[in-house]
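Structure record follows, encoded as structure tokens.
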Amino acid sequence: MDWPALHVSLTLAALTTLVLLPLGLALARWLAVTAWAGRPVIEALLLLPLLLPPTVIGFYFLVAFGQGSALGAWLAASGWRLVFTLEGLLLVSVLVNLPFMVQPIQRAFAAVPNSLREAAWVSGLSTWQTFWRIELPLAWPGLLAGVALTVAHTLGEFGVVLMVGGNIEGETRTLSVSLYDKVQGMDLQSAHVMALALVGISLLALSLVLAFDRVGQRGRALQER
């Protein structure tokens with residue numbers, strides 16, 4: 001096991017989740033309740049990372065933030081560098097993981113009956129109080145599912161991580177990149193260990209998502225009764 005690479009992967013997954021959770025929560029709730037005609041466009045943009053090859057996202061990230069661009073040169077002059085750094089990995093990880101965080105939370109909020117919100121408002125609760133006391137407790141399975149999917153996908157991401165972060169030991173080399181290196185070097189035993197670890201993490205995440213979804217369905221069934 002490449003422990004430094006595992007540490008980088010876990011750090012990236014934790015930071016990505018911490019950044020995405022409040023952002024995804026706000027965006028998901030808005031998408032679940034808004035009647036704005038432009039919502040399909042926002043949802044289509046949100047789903048793009050699921051369809052685009054990771055190398056496309058990595059390429060445009062390099063075009064936008066590499067030192068050959070005006071923005072990249074300005075950042076470099078200001079002491080910031082996003083290419084081949086953990087900060088750059090975090091930014092691109094947030095972009096590619098946005099749908100994995102938002103979609104489960106959006107479905108959870110969309111499942112909350114609007115009549116329940118209206119009843120809370122009639123009872124004197126503000127929109128913010130209704131969110132904290134009524135909606136969020138009912139939508140928590142979606143939040144946990146979003147967190148599980150985000151962590152698992154971040155740990156397994158390869159293409160965009162290699163393009164943006166490179167392969168710097170202890171800094172940007174993640175477990176998936178290290179696995180690729182082990183296969184290239186014919187160190188199949190180490191590759192097996194890391195591959196099994198990633199498989200186990202993915203299975204655990206999917207099991208949690210299915211369990212949270214089942215809990216959410218039971219909660220909605222109780223509400224209908």
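Against the test of being among the β-branched types (Val, Ile, Thr), in contact (Cβ under 8 Å) with a residue 12 or more places away in the chain and farther than 26 Å from residue 12 by Cα, the options 92, 112, 102 yield a single qualifying residue, 112. Residues in region 30-41 that are modelled with pLDDT under 90, open to solvent by less than 70 Å² (accessible area, probe 1.4 Å) and part of a helix (DSSP H, G or I): 32, 33.
Applying a threshold of 7 Å to beta carbon distances and a minimum spacing of six or more residues, or different chains, the list of pairs starting in region 18-37 at a residue that is more than 12 Å from residue 146 (Cα to Cα) and ending at one that is open to solvent by 60 Å² or more (accessible area, probe 1.4 Å) reads 31/39; 32/110. Taking the listed residues 102, 83, the one that is over 17 Å from residue 159 (Cα atoms) and surrounded by 14 or more Cβ atoms within 10 Å (Cβ to Cβ) is 102, with no other qualifying. Residues in region 47-61 that are in a helix (DSSP H, G or I) and surrounded by fewer than 18 Cβ atoms within 10 Å (Cβ to Cβ): 47, 48, 50, 51, 55, 56, 59, 60. Report the residue count in region 1-28 for those that are open to solvent by 50 Å² or more (accessible area, probe 1.4 Å) and at pLDDT below 90. Residues flagged as open to solvent by 50 Å² or more (accessible area, probe 1.4 Å) and at pLDDT below 90 within region 1-28 amount to 5. Among all residues of region 164-184, there is at least one that is farther than 19 Å from residue 12 by Cα, touching a Ser or Thr at 6+ places or on another chain (Cβ under 6 Å) and either open to solvent by less than 50 Å² (accessible area, probe 1.4 Å) or in a helix (DSSP H, G or I) (or both). For beta carbons closer than 7 Å, sequence separation of 6+ or different chains, a first residue in region 42-61 that is closer than 13 Å to residue 97 by Cα and in contact (Cβ under 8 Å) with a residue 24 or more places away in the chain and a second that is open to solvent by 50 Å² or more (accessible area, probe 1.4 Å) and in a helix (DSSP H, G or I), the qualifying pairs are 49/95; 57/95.
Going by the structure shown, is residue 62 closer than 30 Å to residue 4 by Cα and touching a Phe, Trp or Tyr at 6+ places or on another chain (Cβ under 9 Å)? Spelling it out, it is not the case that residue 62 is closer than 30 Å to residue 4 by Cα and touching a Phe, Trp or Tyr at 6+ places or on another chain (Cβ under 9 Å). Selection of region 62-86 for residues being assigned to a helix (DSSP H, G or I) and touching a Gly at 6+ places or on another chain (Cβ under 6 Å) yields 65, 72. Are any of the residues in region 138-159 open to solvent by 40 Å² or more (accessible area, probe 1.4 Å) and part of a loop (DSSP other than H, G, I, E, B)? Taking every residue of region 138-159 in turn, at least one turns out to be open to solvent by 40 Å² or more (accessible area, probe 1.4 Å) and part of a loop (DSSP other than H, G, I, E, B). Filtered by the rule that a residue be modelled with pLDDT under 80 and either of a type in the set (Asp, Glu) or in contact with a strand residue (DSSP E or B) (Cβ under 7 Å, 6 or more places away or on another chain) (or both), region 117-151 gives a lone residue, 118.
Scoring residue 14 on the criteria (1) in contact with a helix residue (DSSP H, G or I) (Cβ under 6 Å, 6 or more places away or on another chain); (2) hydrophobic (A, V, I, L, M, F, W, C); (3) within 21 Å of residue 202 (Cβ to Cβ) leaves a single failure, condition (1).
The values are calculated or read from the model by the stated rules, or taken from the named source; none is laboratory data. Only a predicted model underlies this, so the values are computations on that prediction, with no experimental measurement involved. Reconstructed Cβ throughout: ideal geometry from the backbone, glycine too, with neighbour counts over all protein chains shown. With ligands, DNA and RNA removed, areas are computed over all heavy atoms of the protein, side chains included. Shrake-Rupley method; radii C 1.70, N 1.55, O 1.52, S 1.80 Å.
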